[in-house]
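Throughout, read-outs are computed from the coordinates displayed, never taken from laboratory work. Remember, predicted model here, so these are calculated numbers, not experimental data. Backbone-built Cβ (ideal geometry, glycine too); neighbour counts: all protein chains shown.
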Amino acid sequence: MKSPLLTLPGAVPAEGVDEGVAAHYGDLFREQRALADGTGFVDLSHRGVVTVSGPERLGWLHLLLTQHVSDLPPHQATEALILSANGHIEHALYLVDDGETVWAHVEPGTQEALIAYLESMKFFYRVEVADRTADIAVVHLPAGSIAEVPEGVAVRETPYGRDLFLPRGDLEAYAEKAGPAAGILAHEALRVEQHRPRLGFETDHRTIPHELGWIGGAVHLQKGCYRGQETVARVQNLGKPPRRLVFLHLDGSEVHLPTPGTGIRLADEGPDGRRVGFVTTSVRHFELGPVALALVKRNVPVDARLIAGETAAAQETVVEP
């Protein structure tokens, strides 16, 4: 779905999964600084929007999600996952309940598969699942923003800012009031700085929640059974996830960032050393320079010097080994 804000001055379209919104509006670092200072907004209108309504919505979702939502207070934001039977991450939902409806935004293009799964699990529950992507656009306001929130709009308020579920027809008019627009690349740079994983970026077909630090934030350990819980409980009790998320400071002298999937080796083993992980997201940060998130094997020492492709990398621990 192509955003009307791609007509704003300087807009450069994003590619890949984020196609449909702007990668940037001509000045990546200025856009990052604006978001860090609590000004401007990010057009996330390419993301999928799913709603669940009905009197039994929270109790029903509680049976399916990794998060404890049966008593979720109105307007309290949370995150949740849907796992496979083997405990691998299939969906990530960023949701809030407004007292009548649960609103969730998800990765672009994943809403159809998510809705198909939810519909298959309705049984006799009094719930209604709807794809609202065509008429609702997600807009992100950074933490500290004083931009006006339109009346009647569902809002997810988190430590990282507010996500607005805005009628798609109001997007252009709201952009005129919300301050300077920042592209998805600025949003991604701050996400990497904050060590926050993203489905399809930090995940592959075998990723489990413990590897990404999603325990607590998106996975509640004191709730009833859900699909994949056995794997979560086993890893929690044994403490041995096979991989762990790390934050990398990349050598700033390199012209090109290592692309996602670039192999990571131990620097002490040289260019022919064994592969111990791979880059998941790499960005240029306005203060930190070139940085990245990566998955490495659990037994990689936390103080080991790494090489991402041909780029030297110093690691910071995100998930303890």
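Just need the relative contact order of the chain here, percent rounded to a whole number, with Cα pairs under 8 Å and 6+ apart.
That works out to 19 percent.
Using the beta-carbon distance between Glu310 and Asp27 and R0 = 41 Å, what value does 1/(1 + (r/R0)^6) give for FRET efficiency, to the nearest 0.05?
So, using R0 = 41 Å, E works out to roughly 0.90.
Sort out for me the Cα centre separation of the range 198-223 from the range 155-179, rounded to whole Å.
When both Cα centres are located, 27 Å separates them.
Order by neighbour count: Arg57, Arg47, Arg30, fewest other Cβ atoms within 10 Å first, most last.
Arg30, Arg57, Arg47
Would you mind calculating the gained length between Phe201 and Ala233 on full extension (0.36 nm times residue separation, minus the Cα-Cα distance), in nm to one decimal?
9.1 nm
On each of the three principal axes of the Cα atoms of the range 48-131, give max minus min coordinate, whole Å, ordered largest first.
30, 27, 23
Where the only charges are on Cβ atoms (+1 Lys, Arg; -1 Asp, Glu), what is the dipole of the chain about its Cα centre, to the nearest 20 debye?
Dipole size: approximately 980 debye.
For the range 48-131, what is the relative contact order in percent, using Cα pairs closer than 8 Å and at least 6 residues apart in sequence?
For the range 48-131, the relative contact order is 40 percent.
So for the chain, taking the charge dipole from beta-carbon charges (+1 Lys/Arg, -1 Asp/Glu), which of Pro4, Val192, Ala14 sits furthest toward the positive end?
Positive-end residue among those listed: Val192.
I need to check one value: relative contact order of the range 82-156, counting alpha carbon pairs closer than 8 Å and at least 6 residues apart, in percent.
After rounding, I find 24 percent.
Quick one: dipole size for the range 242-321, taken about the Cα centre, charges +1 on Lys/Arg Cβ and -1 on Asp/Glu Cβ, in debye to the nearest 20.
The dipole magnitude comes to about 380 debye.
How big is the charge dipole of the range 48-131 about its Cα centre, in debye rounded to the nearest 20, if each Lys and Arg gets +1 on its Cβ and each Asp and Glu gets -1 on its Cβ? If you can, show how the numbers build up before the last one.
Values: 3 positive and 12 negative charges, 40 e Å.
Magnitude of the dipole: close to 200 debye.
Please compute the net charge surrounding His91, taking Lys and Arg as +1 and Asp and Glu as -1 over other residues with Cβ under 12 Å from its Cβ. Spell out each step's value before the answer.
On the way: positive: Arg227; negative: Glu79, Glu90, Glu107, Glu112.
Charge balance in the 12 Å sphere: -3.
How long is the chain along each principal axis, judged by its Cα atoms, biggest number first, in Å?
That gives 59, 51, 29 Å along the principal axes, largest extent first.
Only counting other Cβ atoms within 10 Å, I'd like Leu35, Leu190 sorted with the fewest neighbours first.
So the residues, fewest neighbours to most, are Leu190, Leu35.
Based on alpha-carbon positions alone, could you give the equivalent ellipsoid semi-axes of the range 242-321 from the gyration tensor, as √(5λ), descending, whole Å?
Largest first, the range 242-321 gives 18, 14, 11 Å.
What's the FRET efficiency of Thr259 with Asp37 using the Cβ-Cβ distance as r and R₀ = 30 Å, to the nearest 0.05?
The pair Thr259/Asp37 has a calculated efficiency of 0.50.
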